[in-house]
Structures are given as C-alpha cells and as structure tokens.
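One structure is given here, and the rest of the page talks about it.
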Amino acid sequence: MSRLQTTDGLTEEQQDLLKLVKEFVDEQIIPVAQELEHADEYPQKIVDQMKEMGIFGLMIPEEFGGLGESLLTYALCVEEIARGWMPVSGIINTHFIVAYMILKHGTQEQKQHYLPKMATGEIRGAFSMSEPALGSDVSAIKTKAVKGEGDEWVINGQKMWLTNGGSANLVAVLCRTDTGAEGPYKNMSTFLIDKTEGFGETAQGVTVPGKIEKMGYKGVDTTELIFDNHKTTTAQLLGGEPGKGFYQMMDGVEVGRVNVASRACGLMMRAFELGIEYAQQRETFGKKIIDHQGILFRIADMAAKVEAGHQLMVKAARLKDKGERNDLEAGIAKYMAAEYCADVVEQSFRIHGGFGYTKEYEIERLYREAPMLLIGEGTAEIQKMIIGKSILKDYPLKG
Ligand SMILES: Cc1cc2nc3c(=O)[nH]c(=O)nc-3n(C[C@H](O)[C@H](O)[C@H](O)COP(=O)(O)OP(=O)(O)OC[C@H]3O[C@@H](n4cnc5c(N)ncnc54)[C@H](O)[C@@H]3O)c2cc1C
C-alpha cells in the first residue's frame, strides 16, 4: 500500500467504494488500455461495467436513482480510473458536469426527466462551450439561439471540441441569446439538446461530422457539433429562463476543474509507478539505476509532486462539498496537478531511456495523454487569471 495519495478522514463506505474501483481498474482497465488505445477503440465493455457499478450516477442523489456521493468521493474514483486509462475518466467527466448542472440549475421537470436516466448511464452527457474561434474567451461565442413564435427557439452555429460529442445523447450547449440584458454574460443561455448517439445528422438540424484525430486521449470521441436551424423550446432551456447560461457553465467548470485535477493525479501516479518499477530493474555502470543518486532524486521529485497534486485536489473537492466557493482552490489544483502530471510523466519517460520511446511501453501512451490536461477546463494561463483575480481580493491595499 503506497503512502502517496492517501486521504484522511474517509468513511468506511468511501474506503470500500474506492477499493472496489481500484480492483476494477487493476483487473479490467490496465490490462486492456494499451491495446484499446493503439486501436483508438471506444472502451464499450468498460463503459458497460461502469454503468453496472453505478459510476455514471455517483454524484446524482438517491432520490433520482444515483449513489448520492460527494464530489470528493467522485474525484477519488476518477483519480483511480485515470490511473488505469485517462480517457475513460473523460467519458464520465462531461456526463458528470452535465448531471451536476441539471441538479443545481435545472427545473423540477428537467431533473425528473434526465437525472434518473443519467444515473444508469442510459442518457449520457456532453458539454459544449468551445467553438472553432474560441475556447478561453467564452464571452465571444457566436452560436446563437433566437426566440421564435411562442415557446420556440432556433439555434444556428458551430461548436468544437465536444468530448463524447458522438457517444452522448444529451448535450448541454452554451448559446448567445441576446435578450437585451447588459453585457455579454447575461445574454447567454444553456440549452439541453437531445440527440442520438453516433455521427451525421443526430437530431433535426444537429450534425456531428465525425471524430477529430488527436495525438492522445484516444478511445473517447472528440467532435464538432453543427446547428442548422435546430428548433427547440423553452422547456429545453436549463432552468427555464434565458440569461443564466454563462454562470451555469462556470459552476459546471468549477467542479470540472477538480475533476481534471483528479485525472492528472491518477495519470501521474501511473507514470510514477512505472518509473519506480523500471528504475529498480534497469542496470547501468554495474548497478541498478535507482542506485544512482540522480535517478533517486528524480523519483523523490516525482513522489513529492504526486503527493502535492493529490492534496490540492482533495482540498478543492472538500470545499465544494461544504457548499463553499472553490474557484481559487479548484484553479490552483487544476493548474498545479496538470503541470506536475506533465512533469512526472516526462521524468518517468526519461527514466525509461530508449524503451520509453517505443509503443511497447505504457509510458509512451502516457506521454501523449498528459498534455490534454494542460488544456481542458481552461489552460494554465486561464487558471492563473482566476487564481490571480481571486487572491487579489484577499489583499486589498490599506489606506
Ligand atoms: C481533447 C480536447 C477535448 C476538449 N473537450 C471540450 C469539451 O468537452 N467541451 C468544451 O466546451 N471544450 C472542450 N475543449 C476545448 C478546451 O476547453 C479549449 O481548447 C481550451 O479552453 C483552450 O481554448 P482554445 O483551444 O481556443 O485556445 P485559445 O483560447 O485560443 O488559447 C490559445 C493560447 O493562448 C493563451 N491565452 C488565451 N487567452 C489568454 C490571456 N488572456 N492571457 C494569456 N494567455 C492567453 C491560452 O492559454 C493558450 O495557450 C477540449 C479541448 C481538447 C483539446
């Protein structure tokens, strides 16, 4: 049992659940991850098993058929899953954000309709803010929903980078709704778009062109989403009224940042495990490379980062669970865990020498997967903007 990435104060129930997830990862994910990744194959069997385990409903309250777990429990499960194969955690991440947004901001009808089916994984969510021309600057979105007769809205525009865009059958989409409110942020709304799984025209006026080819983060599909006079109604507007979409999405992204931090923690833990194992086997100059102080120091540096990232993530999750704002802590956790992860993976890769550069070794895959976590849910620069603005409030100039 490693002393790294332990979490104080977990209940017996949380510990049992995590043990179960860890066993699932060791037995069902790690042994097949390489093969699935190299084939860029959707991990259908793993997804089906996760449905059975209730993973898709981890944070959905029991009254809606979920397990009603905390963000912390969820984040710790995600950490384990990402240790096995990070893209699998991507499959549940957008689903989790959409379920969270519906729970927090949806109407009673929306909760009753979506959450029970999301808890079983029958309905699976994707989350869409970004467009081809923007990711960081959400205020610049162009996809537009225009109010028609009665309850009708008509959506036109192009969205980009939807994780699970093909495999989800529900997408929470941020649109401009220009209702005349002051400033861009109050003129945005979130629509819940029902679609079929797959590619092509997946609902009236809603096209998913195909999978975007990526350097890593394989298995999970990333897509565009094109709206061409898609007709929907006010009933599909999250919360039932326009103008709240930006704030709803930012709330979703805040928990999403804890989630990305967890994924980075899981991925770097795996890189660490691989590095420390290899270092104890490989010999150079007549001794194991771990016995060269240069390598031992690398291992020490990696261990420190593996531990620090985890504790930052746990702090951010616990704050949100207490009902407190965690923008600063989630920003710090996401920023540092993603940077540490990239660094630990790089160090493990170097420990592997030439073999690390071959597809035969897991570290080659991790090396291609880690950079995604530097980008998703906001880049390092965006996290620094959030951290900087937030911390300045605590240090006003006196006098
Ligand atoms: C594999 C993958 C999956 C994704 N999944 C989703 C998803 O499911 N849903 C979704 O909505 N989006 C998703 N995204 C989009 C992701 O959130 C954006 O790529 C990210 O927010 C960055 O936006 P951008 O790519 O437009 O870069 P840009 O915003 O164009 O930024 C380019 C560079 O400029 C820097 N920069 C931008 N503004 C500033 C500033 N003010 N000061 C300093 N530097 C700045 C950035 O940090 C970055 O280095 C995904 C992206 C990838 C790659």
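Quick look at the values:
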{"read-out": "Residues that are of a type in the set (Ser, Thr, Tyr) and either near the ligand (Cβ under 9 Å from one of its atoms) or in a loop (DSSP other than H, G, I, E, B) (or both), drawn from region 386-399", "value": "TYR395"}
{"read-out": "Among (1) in a strand (DSSP E or B); (2) touching a residue at least 24 places away in the same chain (Cβ under 8 Å); (3) closer than 24 Å to HIS113 by Cβ - the single one GLU224 does not satisfy", "value": "(3)"}
{"read-out": "Some residue of region 293-315 being of a type in the set (Asp, Glu) and either closer than 25 Å to GLU381 by Cα or in contact with a Ser or Thr (Cβ under 9 Å, 6 or more places away or on another chain) (or both)", "value": "yes"}
{"read-out": "Test for THR233: is it without any contact (Cβ under 8 Å) to a residue 24 or more places away in the chain and either more than 12 Å from the ligand (Cβ to nearest atom) or buried (at least 24 other Cβ atoms within 10 Å of the Cβ) (or both)", "value": "no"}
{"read-out": "Filtered residue count, region 57-72, keeping only those that are under 15 Å from the mean Cα position of the chain (by Cα) and part of a helix (DSSP H, G or I)", "value": "2"}
{"read-out": "All positions within region 351-367 that are part of a helix (DSSP H, G or I) and surrounded by fewer than 16 Cβ atoms within 10 Å (Cβ to Cβ)", "value": "GLY353, GLY354, PHE355, TYR357"}
{"read-out": "Check on LYS389, surrounded by fewer than 18 Cβ atoms within 10 Å (Cβ to Cβ) and touching a His at 6+ places or on another chain (Cβ under 7 Å)", "value": "no"}
{"read-out": "Set PRO184, PRO209, PRO116: member being assigned by TED's automatic domain parsing to the domain that holds GLU63 and surrounded by fewer than 21 Cβ atoms within 10 Å (Cβ to Cβ)", "value": "PRO116"}
{"read-out": "Among residues of region 110-134, those that are within 16 Å of the ligand (Cβ to nearest atom) and assigned to a loop (DSSP other than H, G, I, E, B), counted", "value": "5"}
{"read-out": "Restricting region 243-258 to residues that are farther than 18 Å from SER136 by Cβ and at pLDDT 95 or above, the residue that is surrounded by the fewest Cβ atoms within 10 Å (Cβ to Cβ)", "value": "GLY243"}
{"read-out": "Qualifying residue in region 136-149 (condition: more than 16 Å from the ligand (Cβ to nearest atom), surrounded by fewer than 19 Cβ atoms within 10 Å (Cβ to Cβ) and of a type in the set (Val, Ile, Thr))", "value": "yes"}
{"read-out": "Residue satisfying condition, being more than 14 Å from the chain's Cα centre (by Cα) and under 17 Å from GLY219 (Cβ atoms), within set LYS19, LYS111, LYS104, LYS45", "value": "LYS45"}
{"read-out": "Residue satisfying all of: in region 60-86; without any contact (Cβ under 8 Å) to a residue 12 or more places away in the chain and among the acidic types (Asp, Glu); nearest to GLY219 (Cα to Cα) among these", "value": "GLU62"}
{"read-out": "Filtered residues of region 365-385 (kept if closer than 15 Å to ALA264 by Cβ, of a type outside the set (Phe, Trp, Tyr) and more than 6 Å from the ligand (Cβ to nearest atom))", "value": "LEU366, ARG368, GLU369, ALA370, PRO371, LEU373, LEU374, GLU377, ALA380, GLN383"}
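So that you can scan it fast, the table gives a plain yes or no per residue for (1) outside any loop (DSSP other than H, G, I, E, B); (2) at pLDDT 95 or above; (3) within 12 Å of the ligand (Cβ to nearest atom):
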site: ILE155; (1), (2), (3): yes, yes, no
site: MET160; (1), (2), (3): yes, yes, yes
site: ALA168; (1), (2), (3): no, yes, yes
site: VAL173; (1), (2), (3): yes, yes, yes
site: ASP178; (1), (2), (3): no, no, no
site: ALA181; (1), (2), (3): no, no, no
site: THR190; (1), (2), (3): yes, yes, yes
site: GLY198; (1), (2), (3): no, yes, no
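The values are calculated or read from the model by the stated rules, or taken from the named source; none is laboratory data. A quick note: this is a predicted structure, and the numbers were derived from the prediction, not measured. We place every Cβ from the backbone using ideal geometry, glycine too, and count neighbours over all the protein chains shown.
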